[in-house]
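All of the numbers you see were taken from the coordinates with simple rules; none came from a lab. Every value quoted in this text rests on a predicted model; they were computed, and no experiment measured them. Quick reminder, even Gly has a Cβ in these numbers, built from the backbone with ideal geometry, and neighbours come from all protein chains shown.
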Amino acid sequence: YSHIHDTYYQVITETLYEQPGIFLSEKSYKPFLSCQPFILCGQYHTIDVIRQQGYDVYDKWINHEYDNIIEDRERMSAFMKEILRLNSLSHEEWTKMLKEMLPTIKKNLKHLIDSNDKKDILSFNFSELQPVSQRLIDILA
């Protein structure tokens, strides 16, 4: 996870893209655990399903309109266009945006931690109870 300290956001590529339906792996939830905004390359309406699960996907700052495009090539083109836009933002713009995002970041992390039904998709060993790290507790405080 050390690489996330050098990034403003995460680019997530989900396992399935062209196939019908929605498949969400642990990759789709990693940004919530690592407290970062994200853009997700997945099947048509993948972002919408994450919204329906109660997560805020940073629509105020990230344009997820690509998620509404049915045709795979067009969706990928729009996805790449948004990555280029995000990458063109200055350090100052990102600093301001991340400060604005902090309540959303905290809300998403709390929602993930409080969602017992997510245990089957997260890549953790739940055979033993593990205490929540102090870093996560501090973020939620």
(request) Report, in debye and to the nearest 20, how large the dipole of region 29-80 comes out about its Cα centre when Lys and Arg carry +1 and Asp and Glu carry -1 on their Cβ. (result) 200
(request) Putting +1 on Lys and Arg Cβ atoms and -1 on Asp and Glu Cβ atoms, find which of His91, Asn108, Ala78 reaches farthest to the positive end of the dipole of region 68-112. (result) Asn108
(message) Can you work out the Karplus-derived ³J(HN,Hα) for every residue in region 93-102? Use 6.51 cos²θ - 1.76 cosθ + 1.60 with θ = phi - 60°, whole Hz, and x for glycine or proline.
(response) 5, 5, 4, 5, 4, 5, 5, 5, 6, 3
(message) Give me, ordered by chain and number, the residues 5 or more places off Cys41 or on other chains with an amide H under 5 Å from its own placed amide H.
(response) Ile12, Thr13, Glu14
(request) Report the calculated FRET efficiency for Arg85 and Asp114 (r = Cβ-Cβ distance, R0 = 41 Å), to the nearest 0.05. (result) 0.80
